[in-house]
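> To start, I am sharing the structure in question, which I have written as structure tokens.
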Amino acid sequence: MKRIDFAIIFMATIMYFFTGCQDANKKKTVKSGYDKEIRELISKMTLDEKIGQLNMLSGDWSVTGPVVRTDFKEDIKAGKVGTMLNAYTAKHARKLMQLSVDSTRLGIPLLLGYDVIHGHRTIFPIPLGESCTWDLDLIEKAAQIAAEEASAEGIHWTFAPMVDIARDPRWGRVMEGAGEDPWLGSQIAKARVNGFQGEDLSLNNTILACVKHVAAYGAPIAGRDYNTVDLSERTLFETYLPPYRAAVEAGVGTAMTAFNEINGIPCTSNHWLWEDLLRGQWGFDGFVLTDYTAILELIKHGVANDLYDASVLAINAGVDVDMVSQGFINHLKKAIENGEVSEERINQSVYRILKAKFELGLFDDPYRYCDTVREKDVVMTKEKVEFARKAGRDACVLLKNNNVLPFSKNIKSIAVIGPLADTKEDMIGAWTAAGDRYTRPVTLLEGIKNKLGTSVKIRYAKGTDYNSWSKDGFREAVKAAKKADVVILALGENWQMSSEAQSRSMIDLPGNQNELADAIIKANMNTAIILMNGRPLTIQHLDDIAPAILETWYAGTEGGNAIADVIFGDYNPSGKLTITFPRNVGQIPIFYSHKNTGRPFNPSDHYTSKYIDVPNSPLYPFGYGLSYTTFQYEQLSVDKTEISKQDTLRVNVVLTNTGNYDGAEVAQLYIRDLVGSVTRPVKELRGFQKIFLKKGATKKLTFLLTDKDFSFYRKNMTYGSEPGHFEIFVGGSSATMYKSSFILK
Ligand code: NOJ
């Protein structure tokens, strides 16, 4: 082939990836087991009824975006609503369902969705915190419990898991995902989909999941929510797409468009994304819904003149459900008359939506999720709440400990200080579905009281507000600290400082919390800092001065009890960070799997990649987290020094608990492909094991690696491995340099 031909084909392939070919109607919807029933039903439907199925309205039980239409009851009765969000409880859902089933000509049940992100009534730690457990069973079970509670309250569908890779902690939504790593993020995506959907969607305790936000919503420029995303094709494929794909492979039923654009085309009108990639290449057979008012926003993006144009673009890109924009319901009929959209395309979407309704069992019994007795029985049971406590303590990451923690329960007095020490509303973080924010959560102060009873004198002082510059409360707090044997100082962000539309340009402790920490630590060196926050914070100063720091995120309904378990040694912390903590905002984006560059930092060579005012290293790296005990890794070995693509490589290491407490360690394995046709990261996570060891105990761990683990998008964007030298690193964080090597032939 002549070079010029090759270049043309290459460019055409790239264009195809990014712009997509215009053949939406050629893509087949995958047949459902209910194919006959669905087709029969579609054949009876008028065009208006079909378009009605594509329309999603918001109820009024919760507000998660601008209110566009309030007349939803009338619209349901008129057959103009197929799905709804923000409406729940068995009683309320039954009423809405009745409107659809009894008042419309064909009685098609409504599909009710809600943002059940980290629990429904029983709230677990925020997803970022939960990911720090590195416990896939726990993560799956938390999703399953959420599904059980939500399904008992009339909800059929959650807009979760959010699997957006996030490497910029200024972005407020880092709290909602599983951190920075595509490999770990993919495992967690699968666990969450499995937890929500279970093995059988038709059971009344499982719900439809929704992978979001497709794609690359976690990469807004400068970390500002909703901002433009601009990624290379390689970064998109290597870093951002894998977790969405993992969710699709796990059988996720629905996918949500991201607000952002990819390569200049908003995801909501991106034909390549939906038809070529998800449906075409990945075999996604569920339905696609937009994010809230995302069709309307195509106008502001500047790719549509008006809502009519925007609706045509979205439906022809492969979108099935219009969340709240009111574009499909108001404009698709005209677009079909004008020949800009085919009725066949509408039928495809209707098929996909009805398929979900059939699979959920809604045509057998539309009220199967609206049982008030079951609602009472399953919501916030003792076991669920107990599990939330477990999840809360497993999510804690011990960032620093100069032999201060755990505190003994035999102390005489303790001071509990800080703006987050006794605020119920902050314990459960943002995106808390139907979780009770103001009465049920256990605060840290309450958890400590529950733990210590009345034999220990507990003094509480707020010290300062979370975002205040007043020092009025300092004196009382310092006084309390001076009088106490030990001090707990709870600092961080309040719950509203992270989540959607909550980006920050500075991610320090807000207000004068650092000054409060200075004053308290000066008054009493037996101080442990408890952090509550929805993102990595720049806490270099705290790290410099504090004897101990425990990251607890927002630990959930049982937060205070869970944290008290850790503080007083009833539980030995084992959480490990799934996102890097920078030293300052200037280091952002900072993540462990960076490239080596042509001039990696060398202290004796000026012209190498560095800052002159801060080290390149983060404050706390990905995978990092301390324990009350210590672990030692020894005898790292590979069973073969040369392998072929068909081989499985066994990597062995001996792990010993060398400290004075029983505890769990997350042993991590990273690889490095030393020479490739394209540059490769200095480390990539490819395995982990969470191992509990009694003090003094030893265990041999074996990791298995196959060709898939060495594969990547090569120079020509085909996926596979390349022969050559590899390094393998094993240890307790991504900073480990304990290594071995092998050759792939
Ligand atoms: C907007 C958010 O981006 C999305 O994650 C959420 O599911 C919808 N609002 C619905 O609340």
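> With the other protein chains left in place, how much accessible area per residue, in square angstrom, belongs to the chain at a 1.4 angstrom probe?
Ligands and nucleic acids excluded, the figure is 38 Å² per residue.
> While we're looking at this one, here's another question. Whenever you get a sec, line up LYS690, LYS95 from highest to lowest accessible area (probe 1.4 Å, protein heavy atoms).
From most exposed to least exposed: LYS95, LYS690.
> Simple spin-label model, 7 Å along Cα-to-Cβ: ASP508 to TRP282 in nm?
The answer from the label model is 4.0 nm.
> Taking R0 as 45 Å, what FRET efficiency do you get between LEU106 and ALA501 from their Cβ-Cβ distance, rounded to the nearest 0.05?
For LEU106 and ALA501, the calculated efficiency is 0.70.
> Can you list which of the DSSP-assigned H helices in the chain have a Cα extent of 20 Å or more along the long axis and an average Kyte-Doolittle score of at least -1.0?
Passing helices, by number: 3-19, 136-151, 182-197, 343-359.
> Near LYS73, which lysines are there with a Cα under 21 Å away, not counting those fewer than 8 places off in the same chain?
Filter leaves LYS50, LYS91, LYS95, LYS357.
> Return an integer: the convex hull volume of the alpha-carbon atoms of region 573-661, in Å³ per residue.
About 199 Å³ per residue, rounded to a whole number.
> Can you give the Rg to Rh ratio for region 385-575, taking only C-alpha atoms and Rh from Kirkwood?
Ratio value, two decimals: 0.93.
> For GLU37, GLU425, GLU153, GLU238, give the ranking by accessible area with the largest first, probe 1.4 Å.
Accessible-area ranking of GLU37, GLU425, GLU153, GLU238, largest first: GLU37, GLU425, GLU238, GLU153.
> On a straight-distance basis, which lysines could pair with LYS708 in a cross-link, Cα separation under 20 angstrom, same-chain partners fewer than 8 positions away excluded?
LYS190, LYS640, LYS645, LYS683, LYS745
> What does the extension gain come out to for GLU343 and ASP48, with contour length at 0.36 nm per residue minus their alpha carbon separation?
Here the segment from GLU343 to ASP48 would lengthen by 105.1 nm.
> Further question on the same structure: Counting only protein heavy atoms, what percent of the accessible surface of the chain is carbon or sulfur at a 1.4 Å probe?
Using a 1.4 Å probe with all protein chains present, the chain comes out at 50 percent carbon and sulfur.
> Here's a follow-up. How much solvent-accessible surface does ILE520 expose, in Å² to the nearest 10, with a 1.4 Å probe and all protein chains in place?
Ignoring ligands and nucleic acids, ILE520 comes out at about 0 Å².
> Continuing with the same structure: So the label point goes 7 Å from the Cα of THR597 along Cα→C-beta, right? Which residues of region 679-702 then have their backbone N under 20 Å from it?
679-684
> Relative contact order for the chain using alpha-carbon pairs under 8 Å, separation at least 6, rounded to a whole percent?
Reported as a whole number, the value is 13 percent.
> Within straight cross-link reach of LYS457, meaning Cα distance under 16 Å, which lysines are found once same-chain residues fewer than 8 apart are removed?
In chain and number order, the partners are LYS409, LYS412, LYS449, LYS479, LYS482, LYS483.
> So how much slack lies between ILE612 and LYS483, counting 0.36 nm per residue of separation and subtracting their Cα-Cα distance, in nm?
42.1 nm
> Ignoring ligands, DNA and RNA, how do LYS522, LYS640, LYS479 rank by accessible area with a 1.4 Å probe, largest first?
Highest to lowest solvent-accessible surface, that is LYS522, LYS479, LYS640.
> Another question, then. Using Cα pairs under 8 angstrom and six or more residues apart, how large is the relative contact order of region 385-575, in percent?
39 percent
> In addition: Average the reciprocal distances over every distinct pair of alpha-carbons in region 631-744, invert the result, and give the Kirkwood radius in Å.
Evaluated on region 631-744, it is 14.8 Å.
> Accessible surface of GLU297 in the full protein assembly, 1.4 angstrom probe, to the nearest 10 Å²?
So the heavy atoms of GLU297 present about 60 Å² to solvent.
The values are calculated or read from the model by the stated rules, or taken from the named source; none is laboratory data. Quick caveat: nothing in here was measured; it's all calculated off a predicted structure. Because the Cβ atoms are built from the backbone with ideal geometry, glycine has one as well, and the counts that use them run over all protein chains shown. For the accessible areas, the whole protein counts, side chains as well, though only heavy atoms, and no ligand, DNA or RNA atoms are used. Shrake-Rupley method; radii C 1.70, N 1.55, O 1.52, S 1.80 Å.
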